[in-house]
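Peer 1: Pasting in a structure now, in structure tokens, and then I'll have a few things to ask.
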Amino acid sequence: MAAVPCAGHDSRLNTLLQMTSPAPLYPHRHLLGIEGLSHLDIEALLDRADTYVALSRQVEKKTATLRGRTQINLFFEPSTRTQASFELAGKRLGADVMNMSVASSSVKKGETLIDTAATLNAMRPDILVVRHHAAGAVNLLARKVDCSVVNAGDGAHEHPTQALLDALTIRRNKGRIAGLTVAICGDILHSRVARSNIILLNALGAKVRLIAPSTLLPAGIERMGVTVFTDMKKGLEGADIVMMLRLQLERMHGAFVPSPKEYFRYFGLDREKLDAAQPNALVMHPGPMNRGVEISSEVADGAQSLIREQVEMGVAVRMAVLDALAQHLPNG
């Protein structure tokens with residue numbers, strides 16, 4: 001459904017929204033992962049998100065796309081950026097947005113995920129945005145409710161909107177994704193961001209490299225169409241985009257790295273290591289950052305960093321996703 005500007009909206013943005021060719025119909029009722037999306041699905045979402053970047057930079061940022069609709073954000077894991085981004089996206093589209101606190105919910109009293117799904121379904125929401133610590137949990141919940149479901153991250157499985165916002169950030173800064181060399185560095189083993197980005201970047205024609213110590217690489221990861229390096233400088237040679245990932249200590253059971261200091265020495269991105277990449281290479285990080293562990297402050301805050309821009313693109317991408325799912329709502 002195309003976004004409808006509110007009354008009194010800036011005339012230039014009205015023209016932009018009216019003249020932009022509508023994105024092809026998004027054929028899916030849910031967004032559960034990048035896997036299963038076609039090249040056209042991805043491009044349609046990115047094109048629509050571009051429009052919402054323009055909207056979000058106006059004084060009046062709201063539309064009526066989801067007016068009268070209810071969006072529930074259900075996060076079983078702590079989140080600052082993603083939850084706030086989805087909340088803002090829903091509100092800018094005119095939805096009634098409710099954030100459910102799992103810490104004070106029946107889940108903490110022993111309620112199963114299926115019972116939680118049944119309870120939420122009885123409230124008749126239009127869209128559920130779900131983050132869960134278990135891979136596959138969001139897919140299970142989507143089969144138990146009547147509304148549209150967005151995966152906001154499930155275990156080490158997928159984080160589709162993060163991959164989409166990363167792609168939008170790259171495309172807006174490089175003008176394309178096809179043919180670029182993207183190096184993803186860090187804790188690949190525990191990262192849903194890495195998995196979703198690998199799938200999306202391959203689908204759009206990028207060359208994907210993974211850089212990590214062998215203890216943080218999944219077995220057989222090469223089958224996903226990536227080139228693997230355990231030497232950071234070699235892996236960064238000629239890279240157009242350097243995407244850093246944090247050490248996910250909360251998912252680690254055992255010693256995967258000797259120490260944070262030792263990890264930074266070999267796999268932390270500092271100015272010296274970044275010099276191995278292309279001179280105009282751009283640096284990304286999904287956040288939260290661990291400065292001095294996977295990235296130096298000099299690089300994170302430097303001229304080549306897109307980290308703050310990624311946050312802005314996140315709101316636009318999530319607006320585009322919610323807009324796309326609105327096509328499948330009754331009378332949508």
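The values are calculated or read from the model by the stated rules, or taken from the named source; none is laboratory data. Remember, it's a predicted structure, so these values are computed and weren't measured experimentally. Because the Cβ atoms are built from the backbone with ideal geometry, glycine has one as well, and the counts that use them run over all protein chains shown.
Peer 1: Please name all residue pairs, on different chains or six or more residues apart, with Cβ atoms under 9 Å, provided the first residue is in region 210-232 and is of a type in the set (D, E) and the second residue is modelled with pLDDT of 95 or more.
Peer 2: Close Cβ pairs (under 9 Å, with a partner that is modelled with pLDDT of 95 or more) amount to E222/L210; E222/V228; D231/I211; D231/Y266.
Peer 1: Let me ask another. Is one or more of the residues making up region 305-324 out of contact with any helix residue (DSSP H, G or I) (no Cβ under 6 Å at 6 or more places or on another chain) and part of a loop (DSSP other than H, G, I, E, B)?
Peer 2: No.
Peer 1: Would you point out which residue out of N331, N290 is modelled with pLDDT under 95 and crowded, with 16+ Cβ neighbours inside 10 Å?
Peer 2: Working: N331 fails: crowded, with 16+ Cβ neighbours inside 10 Å.
It is N290.
Peer 1: Counting only residues that are assigned by TED's automatic domain parsing to the domain that holds T112, give me the strands (runs of 3 or more DSSP E) lying completely in region 130-241 with at least 1 of them.
Peer 2: Answer list for region 130-241: 148-154.
Peer 1: Scan region 168-207 residue by residue and report those that are under 9 Å from the mean Cα position of the chain (by Cα) and not polar (S, T, N, Q).
Peer 2: Listed by number, the list holds a single entry, V193.
Peer 1: Counting only residues that are within 13 Å of N73 (Cα to Cα), in contact with a helix residue (DSSP H, G or I) (Cβ under 9 Å, 6 or more places away or on another chain) and of a type outside the set (V, I, T), how many does region 116-133 have?
Peer 2: Qualifying residue count for the region: 6.
Peer 1: Restricting attention to region 304-321, does a residue exist that is more than 30 Å from G94 (Cβ to Cβ) and not hydrophobic (A, V, I, L, M, F, W, C)? If you could, list the steps in order and put the result at the bottom.
Peer 2: Initial filter on region 304-321 (more than 30 Å from G94 (Cβ to Cβ)): 304-305.
Now restrict to residues that are not hydrophobic (A, V, I, L, M, F, W, C): 304-305.
Yes, some residue in region 304-321 is more than 30 Å from G94 (Cβ to Cβ) and not hydrophobic (A, V, I, L, M, F, W, C).
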